[in-house]
Each structure stands twice: as C-alpha cells, then as structure tokens.
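As structure tokens, the structure follows; a few thoughts come after it.
The values are calculated or read from the model by the stated rules, or taken from the named source; none is laboratory data. In this text the structure is predicted, and so the values were computed from the model without any measurement. Glycine gets a Cβ as well: all are built from the backbone with ideal geometry, and neighbour counts include every protein chain shown.
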Amino acid sequence: MRLVVKHGGTSISTAKNIQAIAKHISSLSKKHELVVVCSAVNETTDDLLEISESIKKENKSKAEQLASKIINRHKQLAKKTIEKSTVRKKLLAALDQDFTELIALIDGMVLLGEVTPRSMDYLISFGERLSIKLVSFALNDQSKKAVPLSGKEVGIVTDSNFGESKPLIDTTRLRVIKTVDGLLAKKTIPVVGGFAGGDQHGHMTTFGRGGSDYSATIIGSCIKADEIWLMSDVDGLMTADPKIVKNAKVLKEVSYVEAIEMALFGAKQIHPRTFEPLLSKKIPMRIRSSFNVNNEGTLVTVSSSSSVKNTVKCVSNVKNNGLIDIQGGSMVGTPGTAAEIFTTLAKFGINVMMISQNPSESSITIVVKKTDLDKAVSALEMELLGKIIKKLEVTTDVSIIALIGSGMRGTVGVASKVFGAIEKNKVNVSMITQGSSELNLAFVVKNSDTALAVRALHNTFALDKIN
C-alpha cells in the first residue's frame with residue numbers, strides 16, 4: 001500500500017519514543033511505500049508562541065531564554081536518540097543550521113520590535129523543521145534512507161493568509177507528486193514537517209494549530225494514498241472522553257461526516273479541515289496510537305458499514321464556554337437582524353460555536369469560547385445595543401454536550417431518551433440545537449454538570465457495548 005503516516009508531538013517527545021517510531025516506520029517500509037508527516041516535539045510550538053509574546057512585550061531576555069530551552073531540548077533528544085556517531089554528528093550539524101537561523105530571526109524581530117503575521121508563521125514553523133530532522137536521522141540510524149522536508153520543500157503551495165492558510169490544491173498536487181514519486185523511486189522515505197507550507201512568493205505559511213493532520217491529508221490526496229494514518233497518544237476516536245467515562249470504548253469505524261462532527265465537538269486529535277482533501281478522493285483514514293501499534297484504531301471511511309450503524313456513536317463535550325442571550329423587541333420580523341449580529345462578531349474575529357433562535361424572533365442565543373466572551377459582549381454592546389438589541393444576558397462557564405451519530409437520522413425518540421436521562425440526573429439545560437441533518441444533537445449545561453451529563457448519556461445509549 002501507499003501510506004501517509006502522521007505522528008503527533010507526544011509521539012516524538014522522548015528519545016525512546018523516536019527510536020520506537022523509527023523502528024515501526026522501518027518495518028512498515030518493507031511492505032509499503034511511505035510518506036511520514038511529523039508535528040513539532042511536545043511543548044515546542046507553545047515555546048515559540050511564547051517567544052513571539054515576549055518580543056511583543058520587548059522582553060528580549062525572555063525570548064532568548066525560551067530559544068535556549070528549545071535548542072537544548074532538541075540537542076539532548078539528538079544525542080540520546082542516535083546511536084551511530086557519524087549519524088549523530090550529521091544530525092547535530094543540521095540542527096545547528098536551524099538554531100542559527102532561529103536566533104537570527106528572533107534578533108531581527110526584536111530589532112524591529114514587532115511581530116507580523118508573516119514573521120510569526122516563519123517563527124512557529126521551526127518546531128516541525130527541527131522534529132523532521134530528528135525522525136529522519138533516527139531512520140538513517142536504522143540504516144534506512146530518509147530525507148527531511150518542510151511543507152514548502154515537499155511542494156505544498158498555499159495562499160498568503162498567514163496563520164490560517166489554505167493550499168492551492170492544483171499547484172500543490174503537481175509539485176508534491178513530483179517530489180514524493182522521485183524520492184519513493186529511490187527507496188527514500190520523505191519525512192515531511194506538518195502544519196506549514198509556502199505561499200507563491202516562497203514565504204512560510206501555517207495552517208493553524210493541529211494543522212499537521214491537514215498536511216497529511218493534503219499529501220495523501222495528492223499522491224493517491226491507499227490509507228492515511230494519524231498516529232498520536234490515543235487509541236482512536238472514543239465513545240466519550242476516557243477521563244470522564246472510565247468504560248469509554250474506541251470506535252472501530254465511523255464515517256467522514258461523523259468524524260467531522262467529532263472534530264468540531266471536541267475530539268481534539270483532529271483538525272476540522274483535515275477531511276477536506278479526502279472527501280472527493282474517498283481515501284480511508286485510520287486514527288491510531290503511536291504507543292499501541294497492534295491496535296488498529298478507528299477507521300474513517302465514506303460511510304461506515306451497517307454493522308456499526310448505532311443510533312449514537314459518541315458523547316462529546318466542550319467545556320469552558322460563554323452563553324450570550326441577545327434580546328430585543330425590534331428584532332421581531334426585521335430582516336437582516338441576525339446578519340448584523342454575526343457580521344459584528346465576525347468583524348471582531350469571534351467564532352460562534354452554537355446558535356439558537358426562538359420562533360418569535362425576540363431573542364437569539366449564541367455560545368462562544370470563554371476566551372472570546374468579553375470581546376463578544378463588548379462588540380455587541382458597542383455596535384448594536386440600543387439599536388436592534390435591547391438587552392444582553394451572559395452565562396459564564398458552560399459546557400456544550402453533543403451526541404453524534406448518523407443513526408440518529410429518522411430514528412424516533414432519540415431526543416426524549418436524551419432529555420429523560422438528563423432530567424433523571426437533575427441537570428438543567430440552558431440551550432438546545434439540532435440540525436436538519438440529525439447527525440448531532442447538542443445542548444448546553446453548566447461546566448459543573450458536564451461529567452454527570454456525559455456519563456448519564458453514555459449509559460443510556462449503552463456505548464460501552466458499541467462494537
């Protein structure tokens with residue numbers, strides 16, 4: 001098979017883990033053609049983001065301190081991971097070039113005293129640039145031919161929307177096929193940095209947090225991969241958060257649409273745009289564990305087989321949000337009211353996670369992340385209060401609970417079963433939404449009621465017996 005195998009940051013956070021991954025890739029490459037995609041080593045992207053914050057605050061010493069921390073982390077990993085001295089020497093020399101460039105970039109940013117979106121993308125791309133060298137040289141240490149390539153070097157061309165770029169897919173396809181096919185023909189494994197590409201002017205761009213999954217599916221769709229594996233520290237998509245539900249199970253199979261819903265409702269191991277490149281190509285994807293390679297994880301396909309068409313597949317939850325109830329008599333029957341509200345929120349860069357409007361049109365209720373709550377309230381007050389809005393009521397610390405499963409479509413009595421279980425546990429529901437696709441049913445409860453609600457629903461739908 002032609003496989004794209006992506007490894008997350010926790011999978012390559014220790015020398016022992018990198019060695020284990022190199023062994024696994026090495027054994028897979030005997031039977032399959034492989035492209036490996038890597039995230040940054042754990043904590044590295046956070047440290048790079050902190051460097052940018054320090055530069056904004058003109059705290060040069062803090063930025064330099066964090067850069068030293070990144071450099072030392074990767075030097076230690078290199079020394080502990082690589083056993084052959086010649087390979088180790090080459091790796092340290094390759095890393096030194098990146099370290100020199102990183103320090104020069106930080107000095108330049110400090111000198112200018114500003115962080116632009118373009119320089120930010122350049123800075124945070126270093127995490128993956130360093131990690132691919134560790135993995136690539138670990139494969140060389142196993143006597144495997146491998147070459148590290150940034151997203152830009154492998155041929156991913158994007159627009160210039162720094163921080164949230166999108167690939168120019170036709171150009172990308174031509175370049176990626178040429179690069180990858182050339183290397184695979186020479187029995188060389190491309191080890192590609194996830195999360196980033198390059199725009200048409202050659203500037204580094206990134207896809208946003210979690211974008212390494214997206215890189216893997218972009219490459220997979222370009223080279224017509226047979227399967228794409230997303231390897232991380234979890235065994236697969238689960239029926240619920242195992243920290244909340246002890247008997248949560250790994251789902252053997254889900255459809256793309258179910259997986260997309262799970263990604264949007266807190267299955268944090270998937271970037272929501274990951275599925276875009278796969279939908280037209282119908283390439284199956286597996287979500288697997290780097291630490292438990294004997295477990296086949298969750299298979300994501302166009303439509304899951306009839307044997308796993310349970311009514312509900314999982315109970316997801318997203319904690320720490322804010323609920324805003326927007327009220328006003330002049331909203332009733334006035335065309336464009338909702339448009340004004342959402343245009344205002346978009347102008348201030350606020351993402352609305354959930355929307356509900358009552359039939360009388362006298363109120364619209366929205367849910368935003370807690371971190372966006374103050375910004376959302378002040379934006380609405382400044383722009384619309386006293387015009388179309390008469391009153392705002394805010395509830396902090398709420399959680400979205402979402403039931404997901406294509407089997408809910410057309411099944412009578414799902415909602416009554418859900419709210420019967422919630423009522424039995426004396427949990428108060430603040431808001432409810434269900435799309436006409438009936439793929440998910442979501443409602444809002446207090447943060448403190450999250451665990452109780454999730455466990456009650458997991459038991460009600462017997463999700464511990466799902467497979």
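If you check Ala451, Ala456, Ala442 for being of a type outside the set (Phe, Trp, Tyr), surrounded by fewer than 18 Cβ atoms within 10 Å (Cβ to Cβ) and not in a loop (DSSP other than H, G, I, E, B), only one passes: Ala451.
On the stretch given as segment 279-295, residues that are surrounded by fewer than 16 Cβ atoms within 10 Å (Cβ to Cβ) and in a loop (DSSP other than H, G, I, E, B) total 6. Here the condition is being crowded, with 21+ Cβ neighbours inside 10 Å, assigned by TED's automatic domain parsing to the domain that holds Gly8 and in contact (Cβ under 8 Å) with a residue 60 or more places away in the chain; of Leu49, Leu34, Leu91, it holds for Leu34 alone.
Within the group Ala376, Ala402, which residue is more than 30 Å from Leu237 (Cβ to Cβ), crowded, with 16+ Cβ neighbours inside 10 Å and modelled with pLDDT of 90 or more? Can you show your working first?
Numbers: Ala402 fails: more than 30 Å from Leu237 (Cβ to Cβ).
Sole residue among the options that is more than 30 Å from Leu237 (Cβ to Cβ), crowded, with 16+ Cβ neighbours inside 10 Å and modelled with pLDDT of 90 or more: Ala376.
Out of curiosity, is Glu393 assigned by TED's automatic domain parsing to the domain that holds Ala451, of a type in the set (Asp, Glu) and surrounded by 14 or more Cβ atoms within 10 Å (Cβ to Cβ)? Answer is no for this residue. Of the helices (runs of 4 or more DSSP H) lying entirely inside segment 96-207, the ones with 2 or more residues being surrounded by fewer than 18 Cβ atoms within 10 Å (Cβ to Cβ) and within 22 Å of the chain's Cα centre (by Cα) are found at 117-124. Of all the numbered requirements in (1) more than 28 Å from Ile223 (Cα to Cα); (2) aliphatic (A, V, I, L, M); (3) in contact (Cβ under 8 Å) with a residue 24 or more places away in the chain, Leu66 misses one, and that requirement is (3).
The requirement of being in a helix (DSSP H, G or I), in contact (Cβ under 8 Å) with a residue 60 or more places away in the chain and under 30 Å from Gly163 (Cα atoms) is not satisfied by Ile71.
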